[in-house]
Amino acid sequence: DIRKSLLKYDDVMNEQRKVIYEQRKEIMSTNDLSETILDMRHDYLAAVANNSISIGTPIEEWDIIRLKQDIFNLTGINLPIENWIERPEINSEELFEQIVAEIDKQITERNSQISDKTIRLVEKSVILQILDQLWKEHIATLDLMRHTIVLRAYGQKDPLNEYKKEAFNMFSEMLDLLKEYNITNYEQGISKRVTYKK
């Protein structure tokens, strides 16, 4: 019975491992991850922006100071958002599109002196390193949780169901971190890595 119970916990990790290994295989099999990284950037910027200018909220409720700071912390780019919102009839969707367009433009300009081949190599290296690091940390956390989750039984909760729920939430958070770390490490690290190689 103990062995069967342990296998059920292992099955949860194995399912997540399949997802990660499949992603890793896809990364290894391609030489151009620019679209993947662009999608990650836009997805995470959308999540960041939604914290301050969520769709449907009036402009008076937008937290522009927080939005500017969050974007600067993430990309190192200081955007004149307070000027952009002075336009009449501006809405959150238009503002977000302008933010994304300006960030994409500045990142392209920042890397304009670096060859595409070098950028593609660095992109691949960065995303693999971050994925491996986050996965190792995730496994360690799951292992620790598996040894402590049994205490939930004292609260009349099924430890296995609680483990599945927590593991799913943690896995989702890990994928969000992958997007965040790829933005910060890639956008701020390309020139440094290239300079170091030279």
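Electrostatic bookkeeping for R24 treats Lys and Arg as +1 and Asp and Glu as -1; over the other residues with beta carbon under 13 Å from its beta carbon, the sum is +2. Using Cα springs under 10 Å in a Gaussian network model of the chain, which residue among A153, A49, A140 shows the largest mean-square fluctuation? Looking only at A153, A49, A140, the biggest GNM fluctuation is shown by A153. Once the cut-off is 11 Å, how many percent of the Cα-Cα pairs in the stretch 78-119 end up in the long-distance tail? Pairs farther apart than 11 Å: 69 percent.
Mean-square fluctuations from a GNM of the chain, with a 10 angstrom spring cutoff on Cα atoms, peak among E60, E173, E97 at E60. Can you send over the carbon and sulfur percentage of the accessible area for the stretch 19-162, probe radius 1.4 Å, protein chains only? Accessible surface attributable to carbon and sulfur in the stretch 19-162 totals 51 percent. Between H138, H147, H42, the GNM of the chain built on Cα springs shorter than 10 angstrom shows H147 fluctuating the most. Remark: for residue pairs K68/K105; K136/K157; K136/K164, the C-alpha separation exceeds 26 Å in K136/K157. In the stretch 50-198, the C-alpha radius of gyration followed by the widest Cα-Cα span (Dmax) gives 20.6, 61 angstrom. The residues of the chain expose, per residue, 62 Å² of accessible area to a 1.4 Å probe.
The values are calculated or read from the model by the stated rules, or taken from the named source; none is laboratory data. From a predicted model like this one, the values you see are computed outputs, not experimental measurements. Note: ideal-geometry Cβ built from the backbone for every residue, glycine included; neighbour counts use all protein chains shown. Ligands, DNA and RNA are stripped out before the accessible areas are found, and what is left, the full protein with its side chains, is counted by its heavy atoms. Shrake-Rupley method; radii C 1.70, N 1.55, O 1.52, S 1.80 Å.
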